[in-house]
1. Between Ala395 and Ala410, what is the label-to-label distance in nm when each label sits 7 Å out along the Cα-to-Cβ direction?
2. Can you list residues whose amide H is under 5 Å from Trp50's amide H, if they're 5+ apart or on another chain and H is modeled 1.01 Å from N?
3. Taking only the alpha carbons of segment 50-185, what extent do you get along each of the three principal axes, in Å, biggest first?
4. From the backbone phi of segment 428-441, what are the Karplus-calculated ³J(HN,Hα) couplings (6.51 cos²θ - 1.76 cosθ + 1.60, θ = phi - 60°) in whole Hz, Gly and Pro given as x?
5. Could you tell me which of rounded, prolate or oblate describes the chain, using a ≥ b ≥ c as the square roots of the eigenvalues of the alpha-carbon gyration tensor, with rounded for a/c under 1.5 and, failing that, prolate when a/b is larger than b/c and oblate otherwise?
6. Report the extension gain between Arg364 and Leu350 in nm, rounded to one decimal, defined as 0.36 nm multiplied by the number of residues separating them, less their alpha carbon distance.
7. Test of understanding: extend the Cα→C-beta vector of Tyr212 to 7 Å, then name every residue of segment 275-297 with backbone N under 18 Å from that spot.
8. Kindly put Met229, Met385 in sequence by how many other C-beta atoms sit within 10 Å of each C-beta, fewest to most.
Amino acid sequence: MPADDDTMVSLYAAREKIQPRSVSGVFARWRWLMVWLTQLVFYGLPWLQWNARQAVLFDLEARRFYLFGLVLYPQDFIYLTGLLVVSALSLFLFTAVAGRLWCGFACPQTVYTEIFMWIEKRVEGDRSARLRLDNAPMSAAKLGKRTLKHVLWIAVALWTGFSFVGYFTPIRELGALTLALALGPWQLFWVLFYGFATYGNAGFLREQVCKYMCPYARFQSAMFDRDTMIVTYDARRGEPRGARSKKADPKAMGLGSCVDCTLCVQVCPTGIDIRKGLQYDCIGCAACIDVCDDVMDKVGYPRGLIRFSTENGMANGWNMRQMLRRAWRPRVLVYTGVLLAIALGLGLSLFMRTPLKVDVIRDRGALARQVEEGRVENVFRLQIMNATETTQRYAISVSGLPGVSLASDAEVEVLSTEVRAVAARVQLPPDAASPGSHPIQFHIRATDAAGVQVTEKAAFVVPR
Ligand code: SF4
Ligand code: SF4
């Protein structure tokens, strides 16, 4: 700013609070269906039992992850990585085909904002009542409504935080600890942190999260092309816009179908005017489609002035079938191919996974020693992980050198999902091998479960 110029130019626009008008219609029903589905899963899953324990539990303390019948250990991290890769690729594929449908219908930010807005509407009334309340001076009635709204928001937020932590600590235990006011410091921290994030994001920040904070919103334009399905205003049909009486003939007045009622702007949760064209702020929620269809019904014009379409579809006047034919284009085929290959690989490796893991660790304290009759002995520590939910007995044997044998217990019992460390004493007859290190193999086989066996390599040391 020049020194002699006292005009201050702000580079930041102050946020204008958006009070979206409520809307009904096909897409509003889909949004609510997604709210129910996602929240039934999120709130309900931690309460589901499987094999007398929580069906989905990421038990960080015990370093075990339970996914229904699967018990995963940190060594199985590759599966979780694979799951994340599949989720990310699915999102890429979905975005390339259907644009921001995820943002508008299933993203947690959208879903919680929808729930919080529903509470707001129940307590403070519809859009015009809320705008009046915003502008009214503080009074007992206003304070009462505001307090009730925030109490309800906080209740939902805390329940959300509690459910989130219930994926990492058995939720029934967590419930009992909460009732006894005996939550541990970390449990309390995460319940409050996640609850506070939900309260802040869905109650206050709302569209700001989508516009400025969400990384997915930043890079998804790279996945868009002219055949991606987006919410579009048909400017050729709608313009020139203008108010008119219901009986008036728009053609005679030189008008298009848009009656300029601005309802599409009033229902928009991000406060944009879709008639200005594709904007990155549009989350694809289709609220403007619902309300505009309603307006078209009322004035007696065909629906679809605002609709799901593609840029190519709009430019060429294509119908839905013609646009869907373009869905199978090279980038979609590449995403689909990679996604299918990874999902198939992940599924196969999970299907073929042996529910038994063994780590062989050499006993550093006793590298190699001579025992009775001149035999050479090496001691190893076997960490046997039983990744099933029943107690298992395992037979241990060793091979790889002539006459090599196990001098310790050849059978061991490991409780369900437990890890047991077993000392394995391996002996070799005198002069069976030259001095130095020789490869041997441990074989661990479940005695009651056919095909469950693991072979692990180790090195047997013969001293000079
Ligand atoms: S709702 Fe439809 S008719 Fe009304 S302003 Fe928006 S585009 Fe025009
Ligand atoms: S422009 Fe329409 S689809 Fe986009 S965010 Fe606003 S209401 Fe939703």
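All of the numbers you see were taken from the coordinates with simple rules; none came from a lab. This is a predicted model, so every value here is computed, not measured. Here the Cβ is made from the backbone with ideal geometry for all residues, glycine too, and neighbour counts use every protein chain on show.
1. A separation of 0.8 nm, rounded to one decimal place.
2. Residues meeting the amide H criterion: Ala55.
3. Projected onto the principal axes, the Cα atoms of segment 50-185 cover 61, 50, 24 Å.
4. Result, rounded to whole Hz: 10, x, x, 6, 6, 8, 6, x, x, 9, 10, x, 10, 10.
5. On the way: a/c = 3.10, a/b = 2.21, b/c = 1.40.
Prolate, since a/c reaches 1.5 and a/b exceeds b/c.
6. Values: separation 14, 0.36 × 14 = 5.04 nm, distance 3.44 nm.
Extending this stretch completely gives an extra 1.6 nm.
7. The answer is 280-283, whose backbone nitrogens lie closer than 18 Å to the label point.
8. On the way: Met229 23, Met385 20.
Ascending number of Cβ neighbours within 10 Å: Met385, Met229.
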